[in-house]
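Q: If you scroll down you'll find the structure; I have some questions about it.
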Amino acid sequence: MFVLDRLAVEGNWSRISPLTSSVPRTVFFSIKGGVGRSTALAATAWALAEEGKRVMVLDLDLESPGLSSALLPKDRRPLFGITDWLVEDLVNNGDIVLQNMVAQSSLSHNGEILVVPAHGINPGEYIAKLGRVWMPKMEALGIL
């Protein structure tokens, strides 16, 4: 795997924090939507899994989630997603949804692709949940 560019806005991103010797992490980031970020991430996850690697993909594009639909058919999507965890974590219930946030994609035959979607199988009141994500934790408000 190669890093194509770590230099942006006159700052060397490779010096922000030390490189980890544990599990490698890669972030696909763009300020603009519609540039193929989800597609590139799905293709990269598949390619790594085909090399026999175990890959976990988190869809943190909360405003326009779509990665899970590229990697998981509807019947394999988990009950909860990152937005659910963020909302539950506000009241210290994040552990309740953790076990039901990860689903395994069937796209790879040699490795494993684990997917944590932005929302679960039933998005329900997704917009309302998204609005609560940015609230402070309850103990910060002196409630808990």
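Q: Where nothing but the Cβ of Lys and Arg (+1) and of Asp and Glu (-1) is charged, how large is the charge dipole of the stretch 36-141 around its Cα centre, in debye to the nearest 20?
A: 160 debye
Q: In whole Hz, with x marking every Gly and Pro, tabulate ³J(HN,Hα) for the stretch 43-55 from phi via Karplus 6.51 cos²θ - 1.76 cosθ + 1.60, θ = phi - 60°.
A: Per-residue couplings from phi come out as 5, 5, 4, 4, 4, 5, 5, 5, 7, x, 8, 9, 10 Hz.
Q: Projecting each Cα onto the charge dipole of the stretch 37-140 (Lys/Arg +1, Asp/Glu -1 at the beta carbon, about the Cα centre), which of VAL57, TRP85, HIS109 comes out farthest on the positive side?
A: So the residue we want is HIS109.
Q: If you don't mind, another one. Over the Cα atoms of the stretch 36-141, what Rg and Dmax result, in angstrom?
A: Cα only, the stretch 36-141: 14.5, 48 Å (Rg, Dmax).
Q: Still on this structure, please answer the following. Express the relative contact order of the stretch 36-141 as a whole percentage, based on alpha carbon pairs under 8 Å and six or more residues apart in sequence.
A: 35 percent
Here, each number is a calculation from the coordinates, and none is a lab measurement. What you are looking at is a predicted structure, and each value in this text was computed from that prediction instead of being measured. Quick reminder, even Gly has a Cβ in these numbers, built from the backbone with ideal geometry, and neighbours come from all protein chains shown.
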